[in-house]
Amino acid sequence: MQFSGRRRKVITSPQVELYGQALQFYGQPPLENMSLSEFESFAVDRLKLLKTIENLGVSYVKLSDDYKRKLDNESRNLNFPYRPDAVPDDRKSQVGPSEYEKRRKDHISHFILRLAYCQTEDLRRWFIQQEVDLFRYRFNGLQPKQKVEFLHKNNLQYDTISVEEKKTLQDKLVNSSHNVSGITVEDQDFYKVPFQDALDLVRTRKVYLKAGYVYIPHQDIVAIVLNDFRTRLSKALALTARSLPAVHSDERLQPLLNHLSHAYVGQDYSIQKNVGKISLEQIDSLSVKSFPLCMRQLHQALRDSHHLRHGGRMQYGLFLKGIGLSLEQALQFWRSEFIRGKVDADKFDKAYAYGIRHMFGKEGKRADYTPYSCMKVILSNLPSQGDHHGCPFRHSDPELLKQKLQFYKVSPSGISQILELVKGMHYQLACQKYFELTHSIEEASFSLNHPNQYFIESQRVLGGGKDIKREVGTPQRSQENSAARGSTTDREAAAAANAAKDLPEMTEDLDSFFQDA
Amino acid sequence: MPSSGYDAACLPDLLPLYYRRLFPFAQYHRWLNYGGVQKNYFQNREFSFTLKDDIYVRYQSFSTQTELEKEMLKMNPYKIDVGAIYSHRPNQHNTVKSGTFQALEKELVFDIDMTDYDDVRSCCSAAEICSKCWTLMTIAVHILDRALRDDFGFQHLLWVYSGRRGVHCWVCDEAARKLSVAARSAVAEYLSLVKGGDETVKKVVLTDPLHPFIRESLAVVERYFPQYALHEQEILSRKESVDKVLALVPEDILFLFQCCIYEGNKAVIRSLCLQATAKKGQHFEKEIMLQYCYPRLDVNVSKGVNHLLKSPFSVHPKTGRISVPMDLEELDTFDPLAVPTIRSATVLNARVVCCEKENEKDAAERRKIRDYKRTSLAKYVKYFDQFLDGLALSWKGELLKKSDLEKDF
């Protein structure tokens with residue numbers, strides 16, 4: 001991609017072929033000149049779209065009606081393609097940008113974000129996840145004929161099985177999947193796909209697997225396509241990372257790309273600006289007052305059994321790091337608790353101390369691990385027998401959760417509100433409700449997405465609006481370090497700063513969106 | 001687990017004997033070299049050793065079988081773990097440009113640990129095992145072996161007793177070694193049915209339709225369930241254990257059960273089970289059987305390409321038992337408590353060697369026969385040989401292909 005300052009070149013070449021389909025694998029990078037301002041605005045808009053996708057994915061079941069509707073709206077507002085059957089014809093009279101221009105924007109913005117998000121494992125993982133979800137939503141919107149067209153255009157050739165084989169396997173095929181009936185088997189082609197190309201179906205056991213091949217009806221080919229998309233994107237990002245030095249040497253681009261990659265993270269609570277402000281003696285009472293339920297549970301389990309398994313140590317240990325425990329404090333904390341159990345001092349130093357130092361970036365590849373966000377706690381590393389980590393709203397039996405909330409003196413009406421939210425899979429909202437009930441406030445002024453955020457907000461509420469610790473990150477907050485302000489101002493400032501809120505209402509301009517921490 | 005007089009203090013003396021005389025280096029190298037089809041496969045493999053006083057060293061690697069032997073004799077490791085094949089020799093990883101030293105391939109591995117079943121076994125807990133709960137491992141091996149072969153198409157599976165409280169599986173097919181992290185995790189999740197920690201009471205939930213994999217696994221569990229759960233673990237005999245079972249039964253059936261169980265009438269329970277499941281969508285008796293018996297895997301062990309796992313034929317320092325491969329033909333009669341220990345193996349060997357000295361056999365002749373043949377380790381090494389023969393067929397084809405390409409006749 002060439003950048004030629006602010007001069008804008010008019011595109012006259014037959015790009016119609018390039019953007020003939022609404023959906024693409026982003027195999028070819030764009031080959032045109034564009035202005036820097038368009039470059040920036042495209043990138044920012046796509047980032048907003050991906051952030052919406054991330055948030056919707058936690059609050060709604062993917063591809064549910066609500067999810068699709070909201071994503072449709074967002075795509076429309078940001079001028080991205082949202083109706084895959086529109087024809088890319090410039091001359092069609094439409095208000096706003098044409099379908100062609102939307103597809104072009106989609107194409108270019110994807111490649112710009114690749115530059116920003118190829119640099120680290122975390123960034124890549126995030127970017128791939130959102131792009132895959134976006135692709136899924138769009139592929140789902142295609143008509144069956146368009147889906148077949150897409151497959152052929154993109155060289156996904158998988159073999160079908162013979163009619164005889166289908167008959168022999170009929171029972172097994174029907175029993176392997178909800179949406180495969182006897183009729184499906186008779187009417188549709190079944191494809192034999194190597195299991196490595198259909199991992200999502202294998203993982204959830206939604207397909208018949210024999211001798212290393214999965215048998216997929218034509219109607220379900222989307223999972224395969226998604227997998228393929230994910231793999232291609234992953235490889236492409238690895239390649240992109242290698243050509244980064246050349247891109248970074250262009251001074252116009254580097255600051256923008258840096259801003260883009262920091263913006264996704266928002267607050268990751270990795271920078272400890274309040275180390276040592278907490279003493280170990282405070283932890284017990286803090287766990288009751290200001291810890292989110294997941295951490296309170298872990299702390300309790302630790303005190304009870306004087307031990308936590310690896311998953312629990314990671315989740316809780318990193319959280320403690322985030323609230324300001326220093327390495328020395330952390331070592332003392334874990335050591336004194338473990339010693340009360342079956343572990344003697346020697347064994348602790350040999351087996352567990354290393355892990356704690358590792359968490360603080362003092363061992364191994366010296367990565368300074370960031371405390372887990374709610375997303376991470378909910379979605380990854382499922383707890384199993386003997387574990388206490390995870391998100392209680394997600395991973396506990398509703399009955400046990402209810403008992404626990406009763407034990408923690410939450411009112412019966414509050415408990416049923418929480419359980420309703422849990423039933424609707426709104427785990428973060430449930431935790432937020434728990435916050436509101438335990439802090440006796442009407443409505444939380446923030447949108448919860450991180451356990452350390454819960455802690456900070458809790459401390460703020462309990463301190464009467466005064467900041468006990470200086471905030472990291474968003475500009476509005478860092479100005480609020482004087483005495484108590486009215487709660488409405490807090491709320492407005494927080495709402496403005498929080499990118500996760502309802503996006504159509506967001507009117508912030510580019511600068512404040514990207515202001516550095 | 002009965003200690004049978006084992007004391008870790010014997011290790012400094014017995015380990016050298018074990019490594020000098022009994023550890024099957026030739027077979028071990030034959031395995032990890034995989035026929036030499038891929039260059040530097042053995043040289044780029046990571047080993048880690050735990051030495052005396054818990055000193056842990058990673059990124060060990062060796063150029064040849066001889067070097068491996070020499071180093072092991074020199075360092076006398078208490079524990080040996082096998083890791084991944086890297087892009088460069090692990091023992092030179094510090095000289096490699098940061099970011100380019102990568103784990104590339106490794107066998108797909110599974111680790112089944114008895115402690116993960118503590119909530120459903122009454123005879124033992126934590127690190128203890130006995131013949132009653134060992135059945136859980138037998139069930140696990142049957143189920144997973146079938147699934148890995150029939151469903152995933154893998155052929156070269158090495159099941160190994162860990163030496164203390166579980167079993168490991170090494171899937172050595174080429175396709176398995178090349179699997180990505182995502183693929184490994186998908187395989188492990190496909191094989192997982194028991195989900196949830198202490199906070200979850202009901203860990204198995206089945207919905208219609210029942211996937212063929214679940215049916216096959218249930219068939220195995222049902223074979224063992226009456227003898228194992230009802231007879232040996234006696235889950236329906238004592239009040240606390242009965243209550244645990246009842247916690248897994250849906251409320252509307254519960255009251256029926258409670259009457260019968262407290263009268264100890266097992267036949268009535270069976271017929272109620274059958275009646276109740278006539279109701280569509282209810283699978284609670286299957287769910288109970290699975291919760292009590294279905295294999296519990298640690299997904300994290302299987303996910304990582306660079307994960308280090310205890311090596312076959314290494315000694316377990318806490319029990320002295322040798323990590324031996326398991327012959328699946330004799331799986332149902334496998335007794336973990338009868339597995340050779342480092343003491344029994346080396347002592348037996350010493351006795352035999354003594355006797356032969358008296359017979360004035362040719363010294364060189366004696367040495368030619370690798371000592372393990374004269375110990376209880378013999379049958380395990382023989383089984384390992386058979387496994388390797390099967391594996392060798394797969395790389396013979398590869399070598400032929402390669403030499404054809406290079407026109408190397």
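Any residue that is modelled with pLDDT under 85, more than 14 Å from chain B (Cβ to nearest Cβ) and not in a helix (DSSP H, G or I) - is there at least one of those in region A:123-139?
So far as region A:123-139 goes, no, none of its residues is modelled with pLDDT under 85, more than 14 Å from chain B (Cβ to nearest Cβ) and not in a helix (DSSP H, G or I).
Among what's in region A:350-383 and is facing chain B (nearest Cβ under 9 Å) and either buried (at least 23 other Cβ atoms within 10 Å of the Cβ) or closer than 23 Å to A:Leu429 by Cβ (or both), pick the residue that is nearest to the chain's Cα centre (by Cα).
Ranking the candidates gives A:Asn381 first.
Across region B:199-232, what is the total count of residues that are within 27 Å of A:Lys404 (Cβ to Cβ), touching a residue at least 60 places away in the same chain (Cβ under 8 Å) and crowded, with 16+ Cβ neighbours inside 10 Å?
Residues flagged as within 27 Å of A:Lys404 (Cβ to Cβ), touching a residue at least 60 places away in the same chain (Cβ under 8 Å) and crowded, with 16+ Cβ neighbours inside 10 Å within region B:199-232 amount to 4.
Please work out which residue is nearest to the other protein chains (Cβ to nearest Cβ), limiting yourself to region A:400-416 and to residues that are open to solvent by 40 Å² or more (accessible area, probe 1.4 Å) and in contact (Cβ under 8 Å) with a residue 12 or more places away in the chain. Outline the logic, then answer.
Narrowing region A:400-416 to residues open to solvent by 40 Å² or more (accessible area, probe 1.4 Å): A:400, A:402-404, A:406-407, A:409, A:411-413, A:416.
Add one more test, that the residue is in contact (Cβ under 8 Å) with a residue 12 or more places away in the chain, and what stays is A:402, A:404, A:411.
On the way: A:Lys402: 12, A:Lys404: 9, A:Ser411: 22 Å.
Once the filter is applied, the top-ranked residue is A:Lys404.
Quick one: which residue in B:Asp208, B:Asp198, B:Asp173 is out of contact with any Phe, Trp or Tyr (no Cβ under 9 Å at 6 or more places or on another chain) and over 25 Å from A:Val174 (Cα atoms)?
Residue meeting the stated conditions: B:Asp198.
Listed here are the residues, each with its yes/no results for (1) open to solvent by less than 20 Å² (accessible area, probe 1.4 Å); (2) over 16 Å from the mean Cα position of the chain (by Cα); (3) not charged (D, E, K, R).
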| position | (1), (2), (3) |
| --- | --- |
| B:Leu104 | no, yes, yes |
| B:Leu108 | yes, no, yes |
| B:Arg121 | yes, yes, no |
| B:Glu128 | no, yes, no |
| B:Asp150 | no, yes, no |
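Within region B:214-233, can one find any residue that is facing chain A (nearest Cβ under 9 Å) and either among the aliphatic types (A, V, I, L, M) or within 30 Å of B:Lys79 (Cα to Cα) (or both)?
Yes.
Would you mention how many residues in region A:384-394 are facing chain B (nearest Cβ under 8 Å) and either assigned to a helix (DSSP H, G or I) or aliphatic (A, V, I, L, M) (or both)?
The qualifying residues number 1.
Which numbered condition in (1) away from chain B (no Cβ under 12 Å); (2) crowded, with 17+ Cβ neighbours inside 10 Å; (3) modelled with pLDDT under 95 is the only one that A:Leu308 fails?
The failed condition is (1).
Just to be sure, is B:Ala26 in a helix (DSSP H, G or I) and modelled with pLDDT under 90? Break it down stepwise before answering.
Values: in a helix (DSSP H, G or I): yes; modelled with pLDDT under 90: no.
Spelling it out, it is not the case that B:Ala26 is in a helix (DSSP H, G or I) and modelled with pLDDT under 90.
Would you call B:Asn306 open to solvent by 20 Å² or more (accessible area, probe 1.4 Å), in contact with a Gly (Cβ under 7 Å, 6 or more places away or on another chain) and within 14 Å of chain A (Cβ to nearest Cβ)? Quick ask: steps written out before the conclusion?
Details: open to solvent by 20 Å² or more (accessible area, probe 1.4 Å): yes; in contact with a Gly (Cβ under 7 Å, 6 or more places away or on another chain): yes; within 14 Å of chain A (Cβ to nearest Cβ): yes.
Considered against the rule, which asks whether it is open to solvent by 20 Å² or more (accessible area, probe 1.4 Å), in contact with a Gly (Cβ under 7 Å, 6 or more places away or on another chain) and within 14 Å of chain A (Cβ to nearest Cβ), B:Asn306 comes out as yes.
Take the residues in region B:5-29 that are within 12 Å of B:Val315 (Cα to Cα) and hydroxyl-bearing (Ser, Thr, Tyr), then tell me which one is surrounded by the most Cβ atoms within 10 Å (Cβ to Cβ).
By that ranking, first place goes to B:Tyr18.
Looking at region B:33-66 only, could you name the residues that are in contact (Cβ under 8 Å) with a residue 12 or more places away in the chain, charged (D, E, K, R) and either more than 21 Å from B:Val305 (Cα to Cα) or open to solvent by less than 40 Å² (accessible area, probe 1.4 Å) (or both)?
Result: B:Arg45, B:Glu46, B:Lys52.
The conditions are (1) open to solvent by less than 10 Å² (accessible area, probe 1.4 Å); (2) in a helix (DSSP H, G or I); (3) not β-branched (Val, Ile, Thr), and B:Lys74 fails exactly one of them. Which is it?
(1)
Looking at B:His316, B:His283, can you tell me which residue is within 19 Å of B:Cys169 (Cβ to Cβ), of a type outside the set (A, V, I, L, M, F, W, C) and either open to solvent by 50 Å² or more (accessible area, probe 1.4 Å) or at pLDDT 70 or above (or both)?
Numbers: B:His283 fails: within 19 Å of B:Cys169 (Cβ to Cβ).
It is B:His316.
For region B:185-198, what are the residues that are under 22 Å from A:Ser177 (Cα atoms) and open to solvent by less than 30 Å² (accessible area, probe 1.4 Å)?
First, pick out the residues of region B:185-198 that are under 22 Å from A:Ser177 (Cα atoms): B:185-195.
Matches in region B:185-198: B:Ser185, B:Ala186, B:Val187, B:Ala188, B:Tyr190, B:Leu191, B:Ser192, B:Leu193, B:Val194.
Could you check region A:157-266 for strands (runs of 3 or more DSSP E) lying wholly inside it with 2 or more residues that are within 13 Å of chain B (Cβ to nearest Cβ), open to solvent by 70 Å² or more (accessible area, probe 1.4 Å) and under 22 Å from B:Lys178 (Cβ atoms)? Lay out the reasoning, then the answer.
Values: elements: A:190-194, A:208-210, A:213-217.
Where strands (runs of 3 or more DSSP E) fall fully within region A:157-266, none carries at least 2 residues being within 13 Å of chain B (Cβ to nearest Cβ), open to solvent by 70 Å² or more (accessible area, probe 1.4 Å) and under 22 Å from B:Lys178 (Cβ atoms).
Just one of the numbered conditions (1) of a type in the set (D, E, K, R); (2) more than 9 Å from chain B (Cβ to nearest Cβ); (3) surrounded by fewer than 18 Cβ atoms within 10 Å (Cβ to Cβ) is not true of A:Asp397; which one?
Failing condition for A:Asp397: (2).
Could you please give the count of residues in region B:175-198 that are free of Cβ contacts under 8 Å to residues at least 60 places away in the same chain, touching a Leu at 6+ places or on another chain (Cβ under 7 Å) and not hydrophobic (A, V, I, L, M, F, W, C)?
Qualifying residue count, region B:175-198: 1.
Of the numbered conditions (1) within 13 Å of another protein chain (Cβ to nearest Cβ); (2) of a type outside the set (A, V, I, L, M, F, W, C); (3) within 16 Å of B:Tyr190 (Cβ to Cβ), B:Asp145 fails exactly one; give the number of that condition.
(1)
Give the residue that is modelled with the highest pLDDT, with candidates limited to residues of region B:233-257 that are out of contact with any Lys or Arg (no Cβ under 8 Å at 6 or more places or on another chain), open to solvent by less than 70 Å² (accessible area, probe 1.4 Å) and not in a helix (DSSP H, G or I).
Looking at the filtered set, the residue picked out is B:Val249.
Please find, among B:Lys79, B:Lys74, B:Lys70, the residue that is touching a residue at least 12 places away in the same chain (Cβ under 8 Å) and basic (Lys, Arg).
Values: B:Lys74 fails: touching a residue at least 12 places away in the same chain (Cβ under 8 Å); B:Lys70 fails: touching a residue at least 12 places away in the same chain (Cβ under 8 Å).
Only one candidate qualifies: B:Lys79.
The values are calculated or read from the model by the stated rules, or taken from the named source; none is laboratory data. Just so we're clear, the structure is a prediction, and the values are computed from it rather than from any experiment. Virtual Cβ from ideal backbone geometry, glycine too; neighbours counted across all protein chains shown. When the accessible area is computed, the model is the full protein with side chains, heavy atoms only, and any ligands, DNA or RNA have been set aside. Shrake-Rupley method; radii C 1.70, N 1.55, O 1.52, S 1.80 Å.
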